[in-house]
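Have a look at the structure below, then the notes.
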Amino acid sequence: MKAENEEITEEVREAVAESVTEETVEPTTRDVEIDVTVNDHRYNGIVSISLDDCHDINLHSLLEDYEEYAQFDGLSVCKVCHILAGEALWKAGEGFDDDIVECCETGWHADSEFMRELSDGRFCFEELAFYFDETDEWILRSDTEEHEVRDNDGYQHYLRAPTDWFNDRHYCDCCECYLVDDDDYWGDNECRWCHAENAPRIIEDYCESHHHPITLFGDYESEEKFVGLGFELEVDCTGDISYKNEEVAGGLIDACGFDDEEMRFAYDGSLNHGFECISQPHTIKDFWSKQDKWQKMLKYLANNGYKSHDPGTCGLHVHVSRGMFGKSKSVQDNAIAKVYTFFDDNWDEIVKVSRRRSFSYCDKNRLYDGQYNDVANKKTTKYECWKKNSKFAGGHGVALNNSNTHTFEYRLGRGTLNAWSFFSWIDFVLTITKNARRITVNKVETNDILSWLGGISESTAKYIYKRGAWQKEMLALYPTLEWEQDLIERD
């Protein structure tokens, strides 16, 4: 190996020497013609060296008939360029002598930037040296192998090291990596990163959860004709008990008597330490038949230290099937436009029922200013404007989300673990949805609240009254009810 390197060095030295001529005018660049064969690979081309910046190296043509990066004594083709450039600079002597050092392994000269200083003061190309952790010194790469490793940050990269170094490391069969740090070994020939990725997770990532297979619950004729609802209840905590998330979510199914596929869970970036409880779609009848289970769920979460109303970060989002608005798309679109009109006309009252104080993820859906002016000037009606706009009104930043293919989402509800608040908001949403398909346009435009809220349950009517919304209308709907005096909103 050493003899071969000396022969190669002499060939290139001669090639460089022949290419260097005296100049009467000091040049800014120097072209060095290289024509040398190394390890059966021919390096033939011009190396253009900038004398103003010795790192500005451009190899105009390099190699003939090669398919992959050839190796020159362990150096890449790119490093060969650096070596040849350094050799030419060293030979030309253009003021770079102080920065040019000799590689103790190859005998080549190059700028010290491409070298690694060893513990004994010698220099070696970085590709020929390896940082050996145990001695905290750079050593020559003798008897080395290259393998993929995971460092203690989890990054995967290739590393050359003495053979016995790898023999002393744990190996992950899954990602086929040696582990730099023994603490990253999980066991069973698996690193902790692969274990975390492969282990079944109770709580999914947000994006992953929205591609989860759907299971429908209740009696229905076919999936195409399924009509029902699902909810997303976010829970959080004021202190960091995030270590309990998987444990609590994992125990919720059994503790509340749910079927295995009836609930799923996801993390959400809007929460501090908690997670999101997502119900699978249920028919309306099936949902109300399981009130005991939903109440157990709310109590179970509260008993484990979670809150939903108090943190101010949580929502109660309700998805309803588009089929609830009617059978045909045109009927559905007209009914949805009515819902937008109802929310636009009654925003302040609906906010009271929702208990919202922050609207960063559920702001009011709005028409364009010009459309509101046209409505004020009686050039059109608000309902007609929403018929045009509701098709494009959606997303996760507004109260009504019309962007989903199969569902329509009510996002304004504030999270709660209070059963009265939970069921009242869902009943309110379902009542609005059912009435939207049968209320006349005239009653929409005159904002007939009794038509919008007709059929709402007594319990929800009491809740709306105690929230201070539509009190006259609630008394008109249920004139003989005994109204409770206290309403507790805390979880």
Using θ = phi - 60° and Karplus 6.51 cos²θ - 1.76 cosθ + 1.60, couplings along segment 166-179 (whole Hz; Gly, Pro as x): 6, 4, 8, 9, 5, 10, 9, 5, 6, 9, 6, 10, 7, 9
Segment 143-197, relative contact order [Cα under 8 Å, separation at least 6], %: 30
Residue-wise HN-Hα coupling along segment 314-325, computed from phi with Karplus coefficients 6.51, -1.76, 1.60 (Hz; x: Gly, Pro): 10, x, 10, 9, 10, 9, 10, 4, 5, x, 5, 8
Square roots of 5 times each gyration tensor eigenvalue, C-alpha, segment 206-477, largest first, Å: 31, 20, 19
Phi-based couplings in Hz for segment 272-278 (Karplus 6.51, -1.76, 1.60; Gly and Pro marked x): 7, 9, x, 8, 10, 9, 10
FRET E, pair Glu145, Ser119, Förster distance 25 Å, beta-carbon r, rounded to 0.05: 0.65
Residues Ser330 and Glu223, FRET efficiency given R0 of 22 Å [Cβ-Cβ distance, rounded to 0.05]: 0.50
Kirkwood-type radius of segment 297-365, with distances r between different C-alpha atoms, in Å: 14.7
Lysine pairs within segment 258-335, Cα separation less than 30 Å, 8 or more sequence positions apart or different chains: 12
FRET efficiency, Asp182 to Ala255 (Cβ-Cβ, R0 45 Å, nearest 0.05): 0.70
Positive-end extreme of charge dipole, segment 302-383 - chosen from Ala376, Met324, Ala335 (charges on Cβ): Met324
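Any read-out appearing in this document is the output of simple, stated calculations on the displayed coordinates, not a laboratory observation. Quick caveat: nothing in here was measured; it's all calculated off a predicted structure. Here Cβ is always computed from backbone atoms with ideal geometry, including for glycine, and neighbour counts include all displayed protein chains.
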